[in-house]
1. Of the residues that sit in the stretch 75-96 and are surrounded by 24 or more Cβ atoms within 10 Å (Cβ to Cβ) and not polar (S, T, N, Q), which one is farthest from Met45 (Cα to Cα)?
2. Since Ala61 meets every condition but one in (1) of a type in the set (A, V, I, L, M, F, W, C); (2) modelled with pLDDT of 95 or more; (3) not assigned by TED's automatic domain parsing to the domain that holds Gly8, which condition does it not meet?
3. Condition first: more than 16 Å from Pro104 (Cβ to Cβ), aliphatic (A, V, I, L, M) and not in a loop (DSSP other than H, G, I, E, B). Now tell me which residues in the stretch 34-51 satisfy that.
4. Considering only the stretch 54-74, state which residues are under 22 Å from the mean Cα position of the chain (by Cα) and surrounded by 16 or more Cβ atoms within 10 Å (Cβ to Cβ).
5. Right, Ser23: touching a residue at least 24 places away in the same chain (Cβ under 8 Å) and either over 22 Å from Met291 (Cα atoms) or of a type outside the set (Lys, Arg) (or both) or not?
6. Find the helices (runs of 4 or more DSSP H) located wholly in the stretch 217-323 whose residues include 1 or more that are at pLDDT below 95 and surrounded by fewer than 22 Cβ atoms within 10 Å (Cβ to Cβ), and list them.
7. Quick one: Arg39 ticks every box in (1) buried (at least 21 other Cβ atoms within 10 Å of the Cβ); (2) closer than 21 Å to His307 by Cα; (3) not hydroxyl-bearing (Ser, Thr, Tyr) except a single one, so which number is it?
8. Residues being surrounded by fewer than 16 Cβ atoms within 10 Å (Cβ to Cβ) and of a type in the set (A, V, I, L, M): count how many of those fall in the stretch 198-214.
Amino acid sequence: MDMMDIDGSQGGGQLLRSALTLSLCTGIGFTIGDIRARRRRPGLMRQHLTAVNAATRVGNASTHGAQIGATALRFEPGPVSAGTYQFATGSAGSATLVLQTILPALWQADGPSRVQLEGGTHNPLAPSADFIADSYLPALARMGVQASLQLQQHGFHPAGGGVLQVEVAPCAALQACDFSTRGALASIEAKVLMSGLPANIGQRELQVLADTLGVDPHPRHVQVVRPALGPGNVALVHVRHVDHVEVFSGHGERGVSAEQVGARLAGQVQQYLDGRCCVGEYLSDQLLLPMALAGAGTFTTAAISEHLASNARLIEKFLPVEFDWQPHEDGGWQVSVSR
């Protein structure tokens, strides 16, 4: 088996998850050392280990070093198997990041799959379940991927307890897509999720979003999550253009007022609206792999993040593609991939 050596000190958990995904999709194994070496707590944490275990099961892989705190890992993939799976982080670790690790392998499998994931569904440092359902999966659908997500139970940090159900159909070949333009603005919608906290906090956040973005501040847009497994507060804004949808989120935290949460979120949304690029910062990084598997594609984005750059270089090691980004005439950058 072909094996690749990866320097884990050059990134965090995303570098490991990307390597797992690429390994499953290409059949190339890897060793990685100095995992998350620059983080305050280096090595594999529970949510990283869940991603490793999920990739191991889906890809019939053999691993060495898959344990909490490990700073080195060897991963040798086998054939990917469609099927019914259940994975739990055992904490508030992100269930959506585990999903993104195995999803590309499952759409390359020879049959449909159903996956239940348990853990955090709305985490500050991970894509929310709403983002996955309303932005990420629709973007993949344009490329030919048929997948759906159902949120059965919300999970917030630090309690966790969220449940996601995902169904994935096999996709014989991805279609190259152009995400350069987003089309005319269709709507801006906001909602606030509250768990175990007074609903008026959400109403205050919603009012700030209404004052700055013009969204509907009606109380029906404040959703009280029951049962409340723990305290949680997330404000979400869906920006719908004719050809593209972006989902932005702001998370309540101790010592930060509802007005500050709303203002920060409004600022993110306004920055996107003021630009003319199609793809937001987080989705830009996540589109790289499906574009590479398609062999071609392009998108415009406001900035080239460190995540995007490092992910592109890792993908180029596993797949016979090259990424390029150039300043775009309307501002921002145009990112493209070719064989």
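1. First pass over the stretch 75-96, keeping only residues surrounded by 24 or more Cβ atoms within 10 Å (Cβ to Cβ): 75, 77, 89, 92-96.
Narrowing the set further to residues that are not polar (S, T, N, Q) leaves 75, 77, 92-93, 95.
Numbers: Phe75: 17, Pro77: 21, Ala92: 12, Gly93: 9, Ala95: 14 Å.
If we take residues in the stretch 75-96 being surrounded by 24 or more Cβ atoms within 10 Å (Cβ to Cβ) and not polar (S, T, N, Q), then Pro77 is farthest from Met45 (Cα to Cα).
2. Among (1) of a type in the set (A, V, I, L, M, F, W, C); (2) modelled with pLDDT of 95 or more; (3) not assigned by TED's automatic domain parsing to the domain that holds Gly8, the lone unmet condition for Ala61 is (3).
3. Of the stretch 34-51, the ones more than 16 Å from Pro104 (Cβ to Cβ) are 34-50.
With the extra rule that they be aliphatic (A, V, I, L, M), the set shrinks to 35, 37, 44-45, 49.
Selection gives Leu49 alone.
4. The initial filter retains those residues of the stretch 54-74 that are under 22 Å from the mean Cα position of the chain (by Cα), namely 54-59.
The answer is Ala54, Ala55, Thr56, Val58, Gly59.
5. Taking the combined requirement at face value, the residue satisfies it.
6. Values: elements: 258-274, 281-294, 306-318.
Qualifying helices (runs of 4 or more DSSP H): 281-294, 306-318.
7. Single failed check for Arg39: (1).
8. Adding up the residues that qualify gives 1.
The values are calculated or read from the model by the stated rules, or taken from the named source; none is laboratory data. Please read all numbers here as calculations on a predicted model, not as lab measurements. Reconstructed Cβ throughout: ideal geometry from the backbone, glycine too, with neighbour counts over all protein chains shown.
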